[in-house]
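Working notes, structure below.
The values are calculated or read from the model by the stated rules, or taken from the named source; none is laboratory data. As the structure is a prediction and not an experimental result, all values here were calculated from the model. Here Cβ is always computed from backbone atoms with ideal geometry, including for glycine, and neighbour counts include all displayed protein chains.
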Amino acid sequence: MKHFLRLRDLSREELIQIVNDAISMKKCELQVSLKGKHVALIFEKPSTRTRVSLEVAVSSMEGYPLVLSSRDMQLGRGESISDTARVLSRFVDAIAIRTFEHARVEEFAKWSRVPVINALTDEHHPLQLLADVMTVKEYKGRIEDLCIAYVGDVNNVCNSWIEGAGCFGYRLHIAVPEKYTPSEAHVKDLARGSDVKIFHDPCVACEGADVIATDVWVSMGMEEEKEERLRDFAGFTVDERLVAVASEDVIVLHCLPAYKGYEISEAVFERFAEMIFQEAENRLHTAKAVLKHLLIQ
């Protein structure tokens, strides 16, 4: 039994196979059934794409999704994670959790009898990264050896981009204000020897990039820091000046929701809207491929 809490939980070969399966499933070249299987989907944080993509993924594969919030369970009244995991994993075939500290999904997985999927924690968002990689492969034909420029906060999405560099073989440039520079130890631990560089000038980071990716500057739970962060990240908007220094056929990704005028300009968002919403759609196909890998092989 395997869990999927972060990218490094699976081998490079497994991750590549998941992305390839997702592409085949999207084309209806590969069909997999979860008939008779139940998947619990626990959401301790609000969700649009993650909830809908997982719920539709399970049901479209003939499985049974059970959507739960902490309010729906004794977990919300103080029952321990370990006890919740030991109970739920006797009822269902897999469990996906969207929560806060990464340690919560690790604790859940420790006590679970069935595969546990990280549907987002404060530190990692592996399901999003798989959809991003799938989108790049659809537009570029490959991901290995490409230059990815990530502009913005070093958050859970960025962490997964860093970890993914070692898994998928792309080069990663991170553009972040100096104040928010991640520690060398943090990057080294995630990158595992892959080509990841930190820049404080987004134009330099995006020069010649094949892909520019971004995310919100104010993540869930950081609302009190909003005004400070908006000031600190001024100049790090993905706009026409960054697109202009990238490769001629650059693609722009945003994991959504987007706050236009902040991390991405309205003009650039609309110019690349088709691929951004294709990226969102691919959350469904990669979710199906992850479920296949963990439950069917």
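Numbers below:
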| quantity | calculated |
| --- | --- |
| Scope segment 38-49; condition within 19 Å of Val92 (Cα to Cα) and buried (at least 18 other Cβ atoms within 10 Å of the Cβ); matching residues | Val39, Ala40, Leu41, Ile42, Phe43, Glu44 |
| Flag if Ser183 is out of contact with any Cys (no Cβ under 7 Å at 6 or more places or on another chain), among the polar types (S, T, N, Q), under 25 Å from Val19 (Cβ atoms) and surrounded by fewer than 21 Cβ atoms within 10 Å (Cβ to Cβ) | no |
| Residue list for segment 51-81, filter: modelled with pLDDT of 95 or more and of a type outside the set (A, V, I, L, M, F, W, C) | Arg51, Ser53, Glu55, Ser59, Ser60, Glu62, Gly63, Tyr64, Pro65 |
| Residues located in segment 41-74, provided they are touching a Pro at 6+ places or on another chain (Cβ under 7 Å) and of a type outside the set (A, V, I, L, M) | Glu55, Ser59 |
| Subset of segment 153-183 (residues that are outside any loop (DSSP other than H, G, I, E, B), closer than 25 Å to Lys226 by Cα and either within 16 Å of the chain's Cα centre (by Cα) or among the β-branched types (Val, Ile, Thr) (or both)) | Asn156, Val157, Cys158, Asn159, Ser160, Trp161, Ile162, Ile174 |
| Count of residues meeting criterion [among the basic types (Lys, Arg) and either touching a strand residue (DSSP E or B) at 6+ places or on another chain (Cβ under 9 Å) or in the same structural domain as Arg98 (by TED's automatic domain parsing) (or both)] in segment 121-153 | 1 |
| Failed criterion for Pro257 (all others in (1) surrounded by 13 or more Cβ atoms within 10 Å (Cβ to Cβ); (2) under 17 Å from the mean Cα position of the chain (by Cα); (3) not β-branched (Val, Ile, Thr) hold) | (1) |
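Yes/no per residue for (1) outside the structural domain of Asp153 (by TED's automatic domain parsing); (2) farther than 10 Å from Val151 by Cβ; (3) in contact (Cβ under 8 Å) with a residue 12 or more places away in the chain; (4) surrounded by 14 or more Cβ atoms within 10 Å (Cβ to Cβ):
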| site | (1), (2), (3), (4) |
| --- | --- |
| Asp201 | no, yes, yes, no |
| Val216 | no, yes, yes, yes |
| Glu224 | no, yes, no, no |
| Glu240 | no, yes, yes, no |
| Val245 | no, yes, yes, yes |
